[in-house]
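Trainee: If you scroll down you'll find the structure; I have some questions about it.
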Amino acid sequence: MSSDNLKGKSALITGGSRGIGKETVLSLAAAGVDVAINYHNSDQAAQKTAEKAREFGVRAEIYKADVSKEDQAEAMVENIQSDFSHIDILVNNAGITRDKSFLKMTKMMWDEVLGVNLNGPFLITHALLPSMIDSGWGRVINVASVVGQTGNFGQANYSVTKGGLIAFTMTLAREVSRKGVTVNAVAPGFIETDMTKDIPDVALDGVKAMTPLGRLGKPEEVAAAISFLAGPDASYITGQVLPVNGGLYM
Ligand code: NAP
């Protein structure tokens, strides 16, 4: 398999049913990548995403699993590896929020967010990385967030996971880049998905006012950055965090 062309490669996108994950599935599928689509609850949305991906002539399969649960994460990776024989690109995208100011935040809210946003990438990457190293080529792309770089009121749990993913990205890049596996992150700003749909307009107006581009981002714009990091033009980029934030943080 040539490393200068994504056609014929295979990717696992966690949380690929909706939002940024869905658009990443479609962007990679458009580049000729076969896609394994993980999701947790949204069966219909996952099926629709897979159908759309297949329109690009690639293989697309869906895998229901909670990435925070060790048994489910490992069984899913095993199934995917037997279905696809090899995964070249991993996008650790699945994520949740449980927002509250710190003193009102419960231990359960803390644990749930760390479970999905940090333990998930640990479990999935741990299971997939050996085969990438064996083949001498791989791409790991972690979906962090601007709030992992700046912090955010009401998001102690979420910000910790996104800052942690950035540190994970740099550490893993130091460990595996010589083996042909690059590891990078994207750090989106505020993006129009289900995750941000309940943020009050007044708060979003504040975000827009602080954003040089003056608007929220679209999931397609994050997906494009992820596909770039997966693709041949990013071959000398590793351990980096690519901001996709409209200039909100620079
Ligand atoms: P979203 O629209 O809420 O979609 C979340 C996705 O994650 C869904 O596909 C969901 O699956 C999946 N998911 C949630 N819990 C899971 C679990 N335990 N196991 C497996 N999959 C799970 O969110 P989004 O805005 O696209 O966010 C995607 C990523 O971007 C997240 O890591 C988020 O933190 C990050 N991000 C988002 C923004 C933003 O403004 N939207 C900004 C910065 C970073 P189901 O559909 O089955 O529930």
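Trainee: For the chain, what does the accessible surface come to per residue with a 1.4 Å probe? Please give it in Å².
Mentor: On a per-residue basis, 48 Å².
Trainee: Please report, for the Cα atoms of the range 123-250, the Rg to one decimal and the Dmax as a whole number; what are they, in angstrom?
Mentor: 15.7, 51
Trainee: Now for a separate question. Just to be sure I understand the model, the point goes 7 Å from the Cα along the line to the Cβ. What's the resulting Ser101 to Ser135 distance in nm?
Mentor: Between Ser101 and Ser135, the label points sit 4.9 nm apart.
Trainee: Read phi for every residue in the range 237-243 and hand back ³J(HN,Hα) as whole Hz from Karplus 6.51 cos²θ - 1.76 cosθ + 1.60, θ = phi - 60°, with x for Gly and Pro.
Mentor: Once θ is set to phi - 60°, the couplings for the range 237-243 become 10, 8, x, 10, 10, 8, x Hz.
Trainee: Right, here's the next one. As a check on your grasp of the helix formula, calculate [θ] at 222 nm for the chain: sum -39500 (n - 2.57) over DSSP H runs of n ≥ 4, divide by the residue count, round to the nearest 500.
Mentor: -13500 deg cm²/dmol
Trainee: Right, here's the next one. Roughly how tilted is helix 201-210, in degrees to the nearest 10 and between 0 and 90, from the longest Cα axis of the chain?
Mentor: Long axis of 201-210 versus the principal axis of the chain: about 80 degrees.
Trainee: How large is ³J(HN,Hα) for each residue in the range 126-138, as worked out from phi by the Karplus curve 6.51 cos²θ - 1.76 cosθ + 1.60 (θ = phi - 60°), to whole Hz, x for Gly and Pro?
Mentor: Here the 3J(HN,Hα) series is 4, 6, 8, 4, x, 6, 5, 5, 4, 7, x, 8, x Hz.
Trainee: Output ³J(HN,Hα) for the range 111-121: one whole-Hz value per residue in order, computed from phi by the Karplus curve 6.51 cos²θ - 1.76 cosθ + 1.60 with θ = phi - 60°, and x for Gly and Pro.
Mentor: Each residue's phi maps through the Karplus curve to give 5, 4, 5, 5, x, 6, 7, 10, 5, x, x Hz.
Trainee: Please give the solvent-accessible surface of Asp198 in Å², to the nearest 10, using a probe radius of 1.4 Å with every protein chain present.
Mentor: 130
Trainee: While we're here: Given the whole protein assembly as supplied and a 1.4 Å probe, what does the accessible area of His86 come to in Å², nearest 10?
Mentor: The value for His86 is about 40 Å².
Trainee: Check each of the chymotrypsin sites (Phe, Trp or Tyr not before Pro) in the range 171-247 and keep only those in coil by DSSP with at most 10 other C-beta atoms within 10 angstrom; list them in order.
Mentor: When the chymotrypsin sites (Phe, Trp or Tyr not before Pro) of the range 171-247 are filtered for loop state and at most 10 Cβ neighbours within 10 Å, Tyr236 remain.
Trainee: Oh, and also: Please report the carbon-and-sulfur percent of the accessible area for the range 1-140; probe 1.4 Å, protein heavy atoms only, DNA, RNA and ligands left out.
Mentor: Its accessible area is 49 percent carbon and sulfur atoms.
Trainee: Another question, then. Over all directions, how big on average is the projection of the convex hull of the alpha-carbon atoms in the chain, in square nanometres? Display every interim value, and only then the final one.
Mentor: Working: hull surface 50.6 nm².
With the hull built on Cα positions only, its mean projection is 12.6 nm².
Trainee: To continue, here is another question. I'd like to compare 208-214, 53-59: which one has the highest average count of other Cβ atoms within 10 Å, and what's the full order after that?
Mentor: Ranked by mean Cβ neighbours within 10 Å, highest first: 53-59, 208-214.
The values are calculated or read from the model by the stated rules, or taken from the named source; none is laboratory data. What you see is a predicted model, and the numbers here were worked out from it, not measured in a lab. All Cβ positions, glycine included, derive from the backbone under ideal geometry; neighbour counts span all protein chains shown. Accessible surface is based on the protein model in full, side chains and every heavy atom, while ligands, DNA and RNA are left aside. Shrake-Rupley method; radii C 1.70, N 1.55, O 1.52, S 1.80 Å.
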